[in-house]
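Everything below concerns the one structure shown next.
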């Protein structure tokens, strides 16, 4: 079975879903340091209930609107 083409071309490295786009139509980037691909729901979970930092480089997440 083929996977559907992802909208942003990025796949979340936590859950496997599409990373998705911002309201401006740009690919969502949770970590401004290493750009590790994380979708908004996983990013929101990590900020609220996780360790509040990037799983790859461990930089503390900045708040996204």
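The values are calculated or read from the model by the stated rules, or taken from the named source; none is laboratory data. Keep in mind the model is a prediction, meaning the values are calculated, not measured. Note that we place each Cβ from the backbone using ideal geometry, even for glycine, and neighbour counts take in every protein chain shown.
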Check: Quick one: in segment 8-45, which of the residues that are surrounded by fewer than 19 Cβ atoms within 10 Å (Cβ to Cβ) and in contact with a helix residue (DSSP H, G or I) (Cβ under 7 Å, 6 or more places away or on another chain) is nearest to residue 58 (Cα to Cα)?
Finding: 14
Next item on the list: Give the residues of segment 36-51 that are part of a loop (DSSP other than H, G, I, E, B) and more than 12 Å from residue 11 (Cα to Cα), sorted by residue number.
Entry: 50, 51
Item checked: In segment 14-34, the residues that are at pLDDT below 95, part of a loop (DSSP other than H, G, I, E, B) and farther than 11 Å from residue 64 by Cβ -> 20, 24, 25, 26
